[in-house]
Amino acid sequence: MIEVRPCTPADAAAVSALLGEIGYEVSSQAAAERVLRLNETELDPIFIAGEHSRPLGLIALHRCHMIQYRGPIARITALVVDQRARRRGIGRLLVDHALRWAEQRGCELVELTSALDRAEAHAFYRDLGFEPNSLRFRKSLGN
């Protein structure tokens, strides 16, 4: 049975491997430091989906207030399922967990961004009821 639980620094190797699958190179040491830092905020939870103590996916969230919204919102900042475990409902399980977490904390909506070239992910998000509504722009500050 697949279970969802909070991510801890002990999951760093799995976090590093999962993020690598979607193009983010993060060492295990950096993953451990980031998980620890994000867990301390209480606004940036990370959850791991696993089976028999084997991490199969993760979802990371950020709860924040924005001037344009009445209440807080939650943003899915990362979602990845191990490529060998895809099409088993793990992504849906993680998103459902995130939606419950956000609702329990009074969020009025949940949003996410997805790279333009991830057509399968876009179809997945639409199937879950997410609607496209904007185009994100970014500029690196060279830090």
**Prompt:** Restricted to segment 19-53, and to residues that are assigned to a helix (DSSP H, G or I) and in contact with a Pro (Cβ under 7 Å, 6 or more places away or on another chain), which residue is surrounded by the fewest Cβ atoms within 10 Å (Cβ to Cβ)?
**Reply:** L36
**Request:** Give the residues of segment 103-125 that are of a type outside the set (V, I, T) and in a loop (DSSP other than H, G, I, E, B), sorted by residue number.
**Result:** R105, G106, C107, E108, L109, S114, A115, L116, D117, R118
**Item:** Members of segment 108-133 found to be surrounded by fewer than 16 Cβ atoms within 10 Å (Cβ to Cβ) and β-branched (V, I, T), listed by number
**Value:** T113
**Item:** Residue check, Y69 hydroxyl-bearing (S, T, Y) and either within 29 Å of A10 (Cβ to Cβ) or assigned to a helix (DSSP H, G or I) (or both)
**Value:** no
**Prompt:** Going by the structure shown, is R100 among the basic types (K, R), at pLDDT 95 or above and loosely packed, with under 13 Cβ neighbours inside 10 Å?
**Reply:** yes
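Picking from R100, R136, R88, which residue would you name as being of a type outside the set (F, W, Y), in a loop (DSSP other than H, G, I, E, B) and under 22 Å from P6 (Cα atoms)?
R88
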**Prompt:** Within segment 3-18, which residues are in contact (Cβ under 8 Å) with a residue 60 or more places away in the chain and either touching a helix residue (DSSP H, G or I) at 6+ places or on another chain (Cβ under 6 Å) or open to solvent by 70 Å² or more (accessible area, probe 1.4 Å) (or both)?
**Reply:** V4
**Prompt:** Do you know which of the residues in segment 1-40 that are among the β-branched types (V, I, T) and out of contact with any His (no Cβ under 7 Å at 6 or more places or on another chain) is nearest to H52 (Cα to Cα)?
**Reply:** I2
**Prompt:** With G71, G129, G106 as the choices, which residue is at pLDDT 95 or above and over 26 Å from R5 (Cβ atoms)?
**Reply:** G71
**Request:** Taking I48 as the residue in question, decide whether it is more than 21 Å from G129 (Cβ to Cβ) and in contact with a strand residue (DSSP E or B) (Cβ under 6 Å, 6 or more places away or on another chain).
**Result:** yes
**Item:** From the options R75, R105, R70, R86, residue that is over 12 Å from Y125 (Cβ atoms), free of Cβ contacts under 8 Å to residues at least 12 places away in the same chain, basic (K, R) and open to solvent by 10 Å² or more (accessible area, probe 1.4 Å)
**Value:** R86
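With the condition kept exactly as written, say whether any residue in segment 36-51 is under 20 Å from T113 (Cα atoms), at pLDDT below 95, within 15 Å of the chain's Cα centre (by Cα) and not aromatic (F, W, Y).
no
The values are calculated or read from the model by the stated rules, or taken from the named source; none is laboratory data. What you see is a predicted model, and the numbers here were worked out from it, not measured in a lab. Neighbour counts are summed over all protein chains in view; Cβ atoms, including those assigned to glycine, are modelled from backbone coordinates with ideal geometry. Protein only, heavy atoms only, side chains kept; ligands, DNA and RNA dropped before computing areas. Shrake-Rupley method; radii C 1.70, N 1.55, O 1.52, S 1.80 Å.
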